[in-house]
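A.B. asks: Take a look at the following structure, please.
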Amino acid sequence: MTVEQEWIRPEGRELLVPGTLSPRRAVPTKIERPEYVDKDEAVSDDCGPYVQTPDVIARVREASRIAALALQAAGEAAKPGVTTDHIDEVVHGVLLENGAYPSTLGYLGFAKSCCTSLNEVICHGIPDSTVMQDGDILNVDVTAFIHGVHGDCNATFLVGDVHPRAQELVTVAHDAMMRGIKVARPGREVNVIGRVIEKFTARHGMESVRDYTGHGVAEGFHNGLIIPHYDSAPAFDDVIEENMTFTIEPMVTLGSQEWESWDDGWTIVTKDRSFSAQFEHTMLITAEGPELLTVV
Ligand code: MF3
Ligand code: CO
Ligand code: CO
């Protein structure tokens, strides 16, 4: 670990360790569940279609709006002294109030209603008894399922007073996502998106994570379309088409983008324990370009 990465860590903040999980949160039976809940596989994953009908698009729009509402509430709740489990409680509540099922709850063994990824956690952190401290950065990733489709978004929030270089990381991750979104236009290959994201992050001395990607999202949580966040050409040459719905969700690291997984099978951390930040939107591709759906 470089001196710089040690130095941006909030005072008294040790490397993260797994906390304790709260009991599973209930969902009223009147709320429709995705087919995969508490099964070993998600048969709705990886089976397309990549281009959506107007009816599916209208439903993805609704799911995305609800996901964005819950994400906003999570951001308001992210403060020093609060547990990541409390963030999960807030997200769970907003999704249910709006008639949506938390897509991650019971997805391939994931037992919470959102992902909470602090500091050196790149993605898929599990909400638990971990208490947030002044100077932390917290990513919350919310996916809502309603009327048979999903909408998926995430954002990284500053917890209290954050070191300027960590703030810069969060800004670069956000701006990298926005640059990737801007170039997502019909007729281009999806690999154009990662090319601009990787170039932009490198210019700031940061790295873009290669092994976790954006994805098509609609009837499937991850419908098989893959959107890399690095320059993958000539691979990933799917052509962007009108009426595709997919996510762009770059993860940006202050040190190396190399990662390892905790023994829980989910939590992905940087190998060098450098901080990582991420942002995600679900978008619809129109003739004029991308339209963000995960907005309130
Ligand atoms: N929402 C995440 C994504 O952007 C996926 C989370 S899957 C989970 O693709 F199981 F880790 F929750
Ligand atoms: Co996603
Ligand atoms: Co997500």
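A.B. asks: Please give the solvent-accessible surface of ARG179 in Å², to the nearest 10, using a probe radius of 1.4 Å with every protein chain present.
C.D. replies: 110
A.B. asks: Want the number for HIS147 to VAL17: 0.36 nm per residue separation, take away the alpha-carbon distance, what's left?
C.D. replies: Taking HIS147 through VAL17 to full extension adds about 43.1 nm, to one decimal.
A.B. asks: Using all Cα-Cα distances in the range 123-170, what percent lands in each 10 angstrom bin from 0 up to the longest?
C.D. replies: 22, 42, 26, 10, 1
A.B. asks: Could you please state how large a percent of the accessible area of the chain is carbon and sulfur, counting protein chains only and using a 1.4 Å probe?
C.D. replies: The C+S portion of the solvent-accessible surface of the chain is 52 percent.
A.B. asks: Determine the relative contact order of the range 109-172: mean sequence separation of Cα pairs under 8 Å and six or more apart, normalised by residue count, in whole percent.
C.D. replies: 28
A.B. asks: May I pose another question? Mind checking which of GLY125, ALA68, ALA218 is farthest towards the positive end of the chain's charge dipole, using Cβ charges of +1 (Lys, Arg) and -1 (Asp, Glu) about the Cα centre?
C.D. replies: ALA68
A.B. asks: Rounded to the nearest 500, what is the chain's calculated 222 nm mean residue ellipticity when only DSSP H runs of at least 4 contribute -39500 (n - 2.57) each, over all residues?
C.D. replies: For the chain, the value works out to -8500 deg cm²/dmol.
A.B. asks: Computed on alpha carbon atoms, what radius of gyration and Dmax characterise the range 166-271, expressed in Å?
C.D. replies: 13.9, 42
A.B. asks: With each label point set 7 Å from Cα along the Cα-Cβ vector, what nm distance links SER256 and ARG33?
C.D. replies: Each label point is offset 7 Å from its Cα along the Cβ direction, giving 4.2 nm.
A.B. asks: Also, quick follow-up: Determine the gain in length on full extension of the stretch ARG24-VAL295; use 0.36 nm per residue of separation and subtract their C-alpha separation, reporting nm with one decimal. Walk me through the numbers on the way to the answer.
C.D. replies: Working: separation 271, 0.36 × 271 = 97.56 nm, distance 2.81 nm.
Between ARG24 and VAL295, full extension yields 94.8 nm more.
A.B. asks: Given all pairs of different Cα atoms, what value in angstroms does the Kirkwood hydrodynamic radius of the chain take?
C.D. replies: Result for the chain stands at 18.9 Å.
A.B. asks: Could I ask something else about it? To make sure I understand the rule: partners must be lysines, Cα under 24 Å from the Cα of LYS182, and not fewer than 8 residues away in the same chain. Which ones qualify?
C.D. replies: Qualifying lysines at Cα under 24 Å: LYS199.
A.B. asks: Pull out the extension gain between LEU108 and HIS204, defined as 0.36 nm times the separation in residues minus the alpha carbon to alpha carbon distance; nm, one decimal.
C.D. replies: Difference between extended and current length: 31.0 nm.
A.B. asks: How big is D, in µm² s⁻¹, for the range 197-245 by Stokes-Einstein at 37 °C and 0.692 mPa s if Rh is the Kirkwood radius over C-alpha pairs?
C.D. replies: Answer, rounded: 269 µm²/s.
A.B. asks: Which log10 I(q)/I(0) values does the range 52-166 give at q = 0.12, 0.18, 0.22, 0.23 Å⁻¹ under the Debye formula, counting every alpha carbon as one identical point scatterer?
C.D. replies: -0.40, -0.82, -1.12, -1.19
A.B. asks: If packing is taken as the mean number of other Cβ atoms within 10 Å per residue, what is the order of 25-37, 159-171, 264-276, highest first?
C.D. replies: My ranking of the peptides, most packed first, is 264-276, 159-171, 25-37.
A.B. asks: Before I look further, what does the range 1-92 give for accessible area per residue, probe 1.4 Å, in whole square angstrom?
C.D. replies: Result: 58 Å² per residue.
A.B. asks: As an exercise, find the ratio Rg/Rh for the range 224-267 from alpha-carbon atoms, using the Kirkwood inverse-distance average for Rh.
C.D. replies: Values: Rg = 14.2 Å, Rh = 13.5 Å.
In the range 224-267, Rg relative to Rh is 1.05.
The values are calculated or read from the model by the stated rules, or taken from the named source; none is laboratory data. Computed from a prediction, not measured in an experiment: that's the story for all the values here. Cβ atoms come from the backbone with ideal geometry, glycine included; neighbour counts cover every protein chain shown. With ligands, DNA and RNA removed, areas are computed over all heavy atoms of the protein, side chains included. Shrake-Rupley method; radii C 1.70, N 1.55, O 1.52, S 1.80 Å.
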